[in-house]
Amino acid sequence: MKNTPLKTWTVYTLMLFFFFLLSYFLIKKGETLETLNILQLHSSPNTDSFQIFKTSILHNIAEPGAMLLLQIISILIVSRLFGFLFKKIGQPTVIGEILAGIVLGPSLLGIFYPEVFHFLFAANSLGNLYILSQIGLILFMFTIGMDLNLGAIKGKMGVTFVISHASIVIPYFFGMILAYFVYQEFAAGQTTYLSFALFIGISMSITAFPVLARIVQEKGLTKTPLGTLAIASAAINDVTAWCVLAAAIAIANTGSFVSSLYTIGFSIAYVLVMMLVIRPFLKKIGEIYSNSEVLNKSIVAFLLLILIISSYLTDIIGIHALFGAFLAGVIMPPLTNFRKMIIEKVEDVSVTLLLPLFFVFTGLRTELGLLNTPYLWLICVIFILVAISGKFIGGAFTARILGESWKDSLSLGVLMNTRGLMELIVLNIGYEMGIFPPPIFVMLVLMALVTTFMTTPILSLINFLFPDKDIEKEYIIQQREGIFKAMISIGNPENGKILLDVAKTVLEGAKNSLAVTVLHITPGTDTHPIYGEQYAQEGFKSVLYEAQSLNIPIDTEYKVADNIEQEIVKSANFNNSDFLLVGAGVSLSETPFFKDSSSFGRIKWLNKIINKIAKKQVYFYPGSLIKDKTRYFIENSHCSVGVFVNRDFTVISATVVLLQLESDVFLLRYARRLLKNNSEVSINILDVNRLTEKNEIIRKSFQELKTQYPNAVKLIKQTKINSTVLTKYSFMLISYQTWEILSVSDKNELENIPSTLIINKKESRFHTGTRNKIVSNIPIDPVSENI
C-alpha cells in the first residue's frame, strides 16, 4: 500500500498531539504528590523571573567546567591570532603563541585590565588548566621523539656529532660561569649552586629541533648540505640535551651527585629496557601496519598506553614524565608512514589545542614587572648575549674549523640558537622545582624569545652578505650553452603529467637543449618536517615516470610555504628560468551541491550561495580565470609565463592560434615548435583583425611557417570569435594581453574554449644588458629567438 504525504503527516501530527496531551495530564497528576515549594529553593516569592535567570547564568559561568572552557576559548583565539600575525612577518608561529601567553598574563592583561585578568585566570581555577597543559606537553614530547630518526643520526656521527656536542658543551660551560656570578644575589636562599648551575647550563645549550626543522623547511634548505647538517646536529643535540636534563633533574632532586647515582642507574636501566626489549616488539607491530592507510583504535590505544606508562615510570624514577614521553616517541617503529599516521592523530590535539595552554601558564609566570630596574635589565641582556655567543661559538666556529664554508658555518651558528618551545619546557621544569627564582625565570623566557626571533632575519642577512651565486653570470653561461630553462609548478601529480606533456610539445627546440625543473610546493608551514621527503616522493612519482616515457631529463624541487605564488616566482627567478608554466587552478568537472530540479535548486540565489559555500562551481568564467594569484606570476616573474587551462586535455592535435594584436606575432614561434615536435599537430591561425594583411612582420612570419608546413597550417580570417569554431579544436594558444581583452568583450564566446595555453612574453631582466656579451652557439632561427 502506497502512503501519501497527507497520510504520513497526519499520523505524525496525531502522534505528537496525544504525546503532549498525555504528558500534560501526567505532570498535573504528579504535582499533587509534591510536598515542597520548588520556587522557595531558589528565591523569595517576590523575586523577578528574569533576576532568577540572571542569577542562574552568573552561577553557571563561575562553574569550574564553564570557566575552564572560557579559558580555553580565550587562549585559542589569542594564540591563533598572534601565531597568524607572526607567520605573516616570516616568523615561526610558536613565537606568536608564546607572546600570546605573555599578553594574557599579569604583564599586560593583568596591568591594563586587572578585573578581567583576575576573573579569567583566578588562582583557584588554574588547577584544571595546568593538568591539561601537562597532558599537552606529554603528547608533544611524544611527537618530538618520533621526529628523530636514530638510523639517520647513526650515519652522521662524524662532523655532525662534533658540531652538535660543541654547541652543547660550550654554551653549557658559559652558563655555569654566568650562574657563578648571579647565584648569590638571586638564588642562594632558594636552591643549591650545583642545581642552579646545571639548569642555567642546560637552558643555554638547548636547541629547539622542531622550530629549527621548520625554518630549514621554509627556507628551502632541506636538501642542501647546510640543511642536512643543521637538522642532524639539532637532532643529536636534542637527544643529548634531554639525557643531560634527566641527569640534572636527578641531581637536583637528590641534592648531590652521589645521591643521584641511584636515580641515574635506574634511568639507564629503564632506557636499555625500552631500547632493547620494547622497541623491537613495536617494530614488529609497525611492520604489520606499514602498508595500512589507517590505524585501528586498538593499536592507537595500545601505543598511547605505552606513552602514559613510560611517562609515569620516569616521573616515579625522578627524571620527569616528559623524558618518558620523549623516549616513548623515540622507540616507535622507524617507519615513516607508520609514524606519520600516529603523529597525525596526536599532533592536532597536542599542538593546536593543548600547547597554547602551556604558553599561557608560562605567561602567567612571566611577570615583566619584576625587572623594574636598569640593573635587572642589564643582567637580562647579559643572559641573552651569553646564550647567543655560547651557541654561536659552539656551532659556527666549530663548523668552520672542521672545513665548512663561512656562510654555512655562520648560518649553522644562527640556527643552533633557535630555542623556542623546548627552552620553555626546561625553564618551567626548573621553575616548578624551585631552582629558578621569578626574576631569573623572566630573563630566561625573554632570552628564549629573542634567540628564536632573531634566527630568520639574521639568516636572511647572511644570505644577502654571502649570495649563493652570481645570477647574471649564470645567465650568460646559460645563454652561451644554448640551455632553455623551463620551470613547471605542479599541484597534484595528474596535473604534473599533463603540464610536462605540454612543456615538451610547446617548448622543446627553443634552443639547443631543454632543461626542465618540476616544482612541487606543499601549502602551509604546518606540514610536519617528518613528512617532507615522503610528500616529495609522492608528488614527483608519476611526474618522474611521465618524464622517463617522454625522454625528458628533469630536476625536482620540493618546498613548503604559506605563500605559494610568491615561492613559485622566487624559485623561477632564482633559477634563471626562461619560461614558467603553471596551471590556472580551475576545475571544470565539478557538480552543484543542489541540482536545479531540487527544492533548493529552484531558488537560484540560495542555490548559488550554498554552492559557493560548498565550493562546488560548474560554470567557467573566463573573466575571473586570470585572478590575482595568476596575475602575480605574470607581473613578478622575470621570464615568460604560460598559464595552462585544462579543459579535459588529452593530446595536442588540432590547434588554433589566436591573433588579435600585433604583439601576438610571437605565438607563431610556438606554433612552429608544435609542428616540429609533433607531426600529428595541425595549426589554424585565427586572424581576427586581418593582421596577416596589415602587419608586415606577421605576414612574413606566417608565410615562412606556411612554406615550411604547407599541409599543416591554415589561415582563418574573421572579425569575431565564434564559440562553435573553438569547440572543434583540442588546443589553443593565446597571448595574455589578448585574453584580458576578450575576457571582457567576448567572455561568452570563450566559455567553450578547448584546453588553452595563455602566454605572457617577457625577456629576462638580464637579456638586454648581456646580449652583446654572449657568444652563442645557437643555430640562427628567427622563429625560436627571444621567446
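The values are calculated or read from the model by the stated rules, or taken from the named source; none is laboratory data. Predicted model, so just to flag it, every value in this text is computed and none were measured. Ideal geometry is used to build each Cβ from the backbone, glycine not excepted, and the neighbour counts take in all protein chains shown. For the accessible areas, the whole protein counts, side chains as well, though only heavy atoms, and no ligand, DNA or RNA atoms are used. Shrake-Rupley method; radii C 1.70, N 1.55, O 1.52, S 1.80 Å.
Assorted remarks:
- Net charge contributed by nearby residues that have their C-beta within less than 11 Å of Asn678 (K/R +1, D/E -1): 0
- Simple spin-label estimate for Ile52 and Glu31 in nanometres, 7 Å along Cα-Cβ: 1.3 nm
- Solvent exposure of the range 61-151 as accessible area per residue, Å², 1.4 Å probe: 46 Å²
- As a ratio to 2.2 N^0.38 Å, the alpha-carbon radius of gyration for the range 197-355 is 1.15.
- Under 5 Å from the amide H of Arg647 lie the amide H atoms of Ser755, Thr756, each residue being 5 or more positions distant or on a separate chain, with H modelled from the backbone and absent for Pro and chain starts.
- Whole-number percent relative contact order across the range 329-413, with pairs defined as alpha carbons under 8 Å at least 6 apart: 16 percent
- Distance (nanometres) between label positions extended 7 Å along Cα→Cβ at Lys700 and Met15: 8.6 nm
- Shape of the range 672-740, Cα gyration tensor, a/c cut at 1.5: oblate
- Too-long pairs where the Cα-Cα distance tops 25 Å, listed order kept, from Lys504/Lys714; Lys511/Lys747; Lys497/Lys676: Lys511/Lys747
- Over the range 343-485, the alpha carbon radius of gyration divided by the compact-protein estimate 2.2 N^0.38 Å works out to 1.45.
- Long-range Cα-Cα pairs in the range 169-248 (distance over 23 Å), rounded percent: 36 percent
- Debye-sum result for the range 130-269 in log10 I(q)/I(0), which assumes one identical scatterer on each alpha carbon, at q = 0.09, 0.12, 0.20 Å⁻¹: -0.34, -0.60, -1.25
- Solvent exposure of Lys720, expressed as accessible area, is near 110 Å², computed with a probe of 1.4 Å over the protein chains only.
- Inter-label distance for Glu693 and Leu304, nm, one decimal - labels placed 7 Å from Cα along Cα-to-Cβ: 7.8 nm
- Pairs over the 26 Å Cα-Cα cut-off, from the set Lys340/Lys541; Lys570/Lys700; Lys485/Lys728; Lys717/Lys761: Lys570/Lys700; Lys485/Lys728.
- With protein chains left intact and a 1.4 Å probe, residues in the range 633-692 average 33 Å² of accessible area per residue.
- At R0 = 51 Å, FRET efficiency that the Cβ-Cβ distance of Leu276 and Ser549 yields, to 0.05: 0.60
- Apportionment of accessible area to carbon and sulfur, the range 694-734, percent (1.4 Å): 52 percent
- Proportion of all alpha-carbon pairs of the range 310-403 beyond 15 Å (%): 79 percent
- Accessible area in the full protein assembly, largest first, 1.4 Å probe, for Val273, Val645: Val273, Val645
- Label-reachable residues, the range 193-216, where backbone N falls under 17 Å from a point 7 Å from Phe257's Cα toward its Cβ: 193-202
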